[in-house]
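J.: My questions all concern the structure below.
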There are 4 protein chains.
Amino acid sequence: MADSKKSAGKRRQLMVAAAQVLHRQGVERTTIADIANAADVPVGNVYYYFKTKDALVQAALAEHAGHLAGLTDELDRLPDPRERLKALVGGWIGQRDVAARYGCPTGTLAVELDKREDGGMDVEAGRVIRLLLDWAERQFRELGAPDPDGLALTLVGAYQGMSLLTNALRDPEIMVREGNRLLDWLDSLPGDS
Amino acid sequence: MADSKKSAGKRRQLMVAAAQVLHRQGVERTTIADIANAADVPVGNVYYYFKTKDALVQAALAEHAGHLAGLTDELDRLPDPRERLKALVGGWIGQRDVAARYGCPTGTLAVELDKREDGGMDVEAGRVIRLLLDWAERQFRELGAPDPDGLALTLVGAYQGMSLLTNALRDPEIMVREGNRLLDWLDSLPGDS
Amino acid sequence: MADSKKSAGKRRQLMVAAAQVLHRQGVERTTIADIANAADVPVGNVYYYFKTKDALVQAALAEHAGHLAGLTDELDRLPDPRERLKALVGGWIGQRDVAARYGCPTGTLAVELDKREDGGMDVEAGRVIRLLLDWAERQFRELGAPDPDGLALTLVGAYQGMSLLTNALRDPEIMVREGNRLLDWLDSLPGDS
Amino acid sequence: MADSKKSAGKRRQLMVAAAQVLHRQGVERTTIADIANAADVPVGNVYYYFKTKDALVQAALAEHAGHLAGLTDELDRLPDPRERLKALVGGWIGQRDVAARYGCPTGTLAVELDKREDGGMDVEAGRVIRLLLDWAERQFRELGAPDPDGLALTLVGAYQGMSLLTNALRDPEIMVREGNRLLDWLDSLPGDS
DNA sequence: TATGAATGAGGCTTCATTCAT
DNA sequence: GATGAATGAAGCCTCATTCAT
């Protein structure tokens, strides 16, 4: 059973390992060998699954997107949009230690990819961020709040900003403080619930 | 006299060039040669002014810190703390095109340096960010607002977040939108002015 | 029946594909995968038919030899040796576009194999060329021309030379010009016909 | 004195080494390290003089062109064009052992480069061959022979062909035999001398 | 001080060949 | 037999750093 998964799963293993290692070490400081080791795959074999390092980075981005989609799907089960948003923020706070150490995966990746000339990989990163923006906007809209688009921008921007500060100052408490402020803000918004 | 200036000036030239090029290309993708070229200094000569690449990065950080100090000094001439804060935000909005293309210099540098193992260079980046935090806190305090510490965190966090989104989505308008929101927010704060 | 043919046919498919692809891309720039693809055979399967890449190259050489044998057999049906030789040259001229693009298959292969250290594969290439030399010598001898050996050398040498120039200068007209000169030369030779 | 040449001469050293090693081993089988070793230069340093392996190959081609120019300059001192051409052929015969082992430098290089996709390096090889064609044509024209263009093609074609056969069959005597035939042919041409 | 040149470690990628099913 | 996957040895190239003058 484990074996039947092996072959099909190796690609996945690599994606997961890439997502994690790239988040921790950054794109440029991470070698293919690093990822191969983390995935417990021989270096040469990586190229059977991904033609270039860039392809692996893209895969890591996709992995983050998938993770995010899984998270929002989870949240969508909550009946109330305000509660969904608050649960999202709660999740951020829960990740404060990771954020303090490595920052927001998508955000830091986006920053790094932006410096590359590679065709449109930065755009790809933007797309992942937009996933979150769009989901948030839907919640605000469902809530009946005015300017849901702008509110989403504010929320996600606040998240990226507090992640960055938390990371730069190595202080998880920032995440708590600003997270709670966001929770209050969400509560203060007029809306159907 | 010209000569004594020259060598002192070369060091400065390198710092300025480093700050600019590192902001645009990122730390890892920038070579010593890139910076040397931008500063119009022969490659071999760089090492007379900076022992290692890391030292150059540090210098770039210091350059950013100096620039920031110059900016806040400028703002400090304004009589009213609320106006100072609003002028700061106005400056951010004015930089929207740079932000869309390259992000916030200090923020992106901090993100990249965090991924390095090098001794404490990430801390250094944090220090630059804290300069801004401290200045903002002083303004809020002078304004008589409650929790000036938290307000500074919110303000600077919002700046970093909106810079990141602006950059990731390549849309300067985000900077305008969120910047205006911050201006309104500053106006809404209770205070002595 | 279909199946028994299949596996025998696959070997042949690979030989034909190898001959073609190696001619076009050269030995060193051609990968096993290239040949496998051209032959529509899974990569891993190639090794059931040929132990090494070298064996495939040898097979391509044999394929060229076989092709050459088929050609001379065809020509041998002509009653007159002078006509046979002229028909050979006519065939060369007819191949001018291929020659302009890729050169003479045997000649270019010989040049490349000569650079290898591999045991005697260059000798093998020489053998294929000698097939042609020997056949030409027989025709000259049958024609009663003096020094048939030397004439064969001159004829085949001229062919290799004009192929190379045609290829290097990418000009098929060279093949026509020099081919016609050879035809005149053959006509001018004293002989029984 | 030797030292003053060192720095300026290193580029040249590399060109000469490249020309020789590439002739012997072929383009694809030759590594940068091979050339670096032959030139007694550390591998990493090669890239200071030549940006890529292709650039080195180009340089080798230029070296061959230079060598050829030197040769024809030498020949141009002879008063009679027929003698110049005969001296050229004599030189070819004199090189028979090299030809038997490695073929004609320009010809084999042209064959190999033709298989590459690299931008126009094959054309470059053609240009070197054309140098020889043009020189020969000038001699035939000066001799007053009809169709000097065609005669040059015949002469150089014969050279390439006999080099290839000599190399493929590993028999220097072919060079002697065909070389002498060319000498007779040159003598038989009507002309002013 | 100034500078072109030198050095070598390390990263990405390709590919012939071998395995496991 | 058949086949996708695995493996590791090179090869090309970049670059921080050091040297020699």
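J.: Does A:Arg96 qualify as being among the basic types (Lys, Arg), under 24 Å from A:Trp185 (Cα atoms) and surrounded by 15 or more Cβ atoms within 10 Å (Cβ to Cβ)?
T.: Judged against the criteria, A:Arg96 is a match.
J.: So, one more: Would you confirm whether or not segment D:29-44 contains a residue that is within 23 Å of D:Leu164 (Cβ to Cβ) and more than 16 Å from DNA strand E (Cβ to nearest atom)?
T.: no
J.: Keeping to segment D:152-175, report how many residues are more than 7 Å from every other protein chain (Cβ to nearest Cβ), surrounded by fewer than 24 Cβ atoms within 10 Å (Cβ to Cβ), touching a Lys or Arg at 6+ places or on another chain (Cβ under 9 Å) and among the hydrophobic types (A, V, I, L, M, F, W, C).
T.: Looking only at that region, the number is 1.
Residues are listed down the side, and each one gets a yes or a no for (1) within 16 Å of DNA strand F (Cβ to nearest atom); (2) away from chain D (no Cβ under 13 Å); (3) outside any helix (DSSP H, G or I):
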site: C:Lys10; (1), (2), (3): yes, yes, no
site: C:Met15; (1), (2), (3): yes, yes, no
site: C:His23; (1), (2), (3): no, no, no
site: C:Val41; (1), (2), (3): yes, yes, yes
site: C:Lys51; (1), (2), (3): yes, yes, yes
site: C:Leu56; (1), (2), (3): yes, yes, no
site: C:Ala65; (1), (2), (3): no, yes, no
site: C:Ala99; (1), (2), (3): no, no, no
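J.: For segment D:32-69, give me each residue that is farther than 18 Å from D:Met121 by Cβ and among the polar types (S, T, N, Q).
T.: Of everything in segment D:32-69, those that are farther than 18 Å from D:Met121 by Cβ and among the polar types (S, T, N, Q) turn out to be D:Asn37, D:Asn45.
J.: Can you name the number of the only condition in (1) more than 12 Å from the chain's Cα centre (by Cα); (2) exposed (fewer than 15 other Cβ atoms within 10 Å of the Cβ); (3) more than 16 Å from DNA strand E (Cβ to nearest atom) that B:Val21 fails?
T.: With respect to (1) more than 12 Å from the chain's Cα centre (by Cα); (2) exposed (fewer than 15 other Cβ atoms within 10 Å of the Cβ); (3) more than 16 Å from DNA strand E (Cβ to nearest atom), B:Val21 is out only on (2).
J.: Among the residues of segment D:25-39, what is the count of those that are surrounded by 15 or more Cβ atoms within 10 Å (Cβ to Cβ), more than 14 Å from every other protein chain (Cβ to nearest Cβ) and more than 8 Å from DNA strand F (Cβ to nearest atom)?
T.: Summing the residues that are surrounded by 15 or more Cβ atoms within 10 Å (Cβ to Cβ), more than 14 Å from every other protein chain (Cβ to nearest Cβ) and more than 8 Å from DNA strand F (Cβ to nearest atom) in segment D:25-39 gives 4.
J.: Would you pick out the residues in segment A:116-138 that are at the interface with chain B (Cβ under 10 Å from one of its Cβ atoms), touching an Asp or Glu at 6+ places or on another chain (Cβ under 8 Å) and not in a helix (DSSP H, G or I)?
T.: Correct list: A:Arg116 only.
J.: Here is a follow-up. If you go through segment A:72-90, how many residues are of a type in the set (D, E, K, R) and in a helix (DSSP H, G or I)?
T.: Matching residues across segment A:72-90 total 6.
J.: When segment D:52-76 is examined, which residues are found to be within 16 Å of DNA strand E (Cβ to nearest atom) and either closer than 14 Å to D:Met15 by Cβ or surrounded by 14 or more Cβ atoms within 10 Å (Cβ to Cβ) (or both)?
T.: Across segment D:52-76, the qualifying residues are D:Lys53, D:Asp54, D:Ala55, D:Leu56, D:Ala59.
J.: Among the residues of segment A:131-144 satisfying the criterion of being more than 23 Å from the chain's Cα centre (by Cα) and surrounded by fewer than 20 Cβ atoms within 10 Å (Cβ to Cβ), which is farthest from A:Ala62 (Cα to Cα)?
T.: Looking at residues that are more than 23 Å from the chain's Cα centre (by Cα) and surrounded by fewer than 20 Cβ atoms within 10 Å (Cβ to Cβ), I get A:Gly144.
J.: Is it the case that C:Tyr102 is aromatic (Phe, Trp, Tyr), more than 30 Å from D:Asp122 (Cβ to Cβ) and surrounded by 15 or more Cβ atoms within 10 Å (Cβ to Cβ)?
T.: No, not satisfied.
J.: Still on this structure, I have one more. Given the condition touching a residue at least 12 places away in the same chain (Cβ under 8 Å), more than 16 Å from DNA strand F (Cβ to nearest atom) and within 14 Å of another protein chain (Cβ to nearest Cβ), answer yes or no: does some residue in segment C:77-90 qualify?
T.: Within segment C:77-90 (the criterion being touching a residue at least 12 places away in the same chain (Cβ under 8 Å), more than 16 Å from DNA strand F (Cβ to nearest atom) and within 14 Å of another protein chain (Cβ to nearest Cβ)), the answer is yes, since at least one residue qualifies.
Each reported figure results from applying straightforward, stated rules to the coordinates on display, with no laboratory input. This one's a predicted model, so the numbers in the text were calculated from it and none came from an experiment. Backbone-built Cβ (ideal geometry, glycine too); neighbour counts: all protein chains shown.
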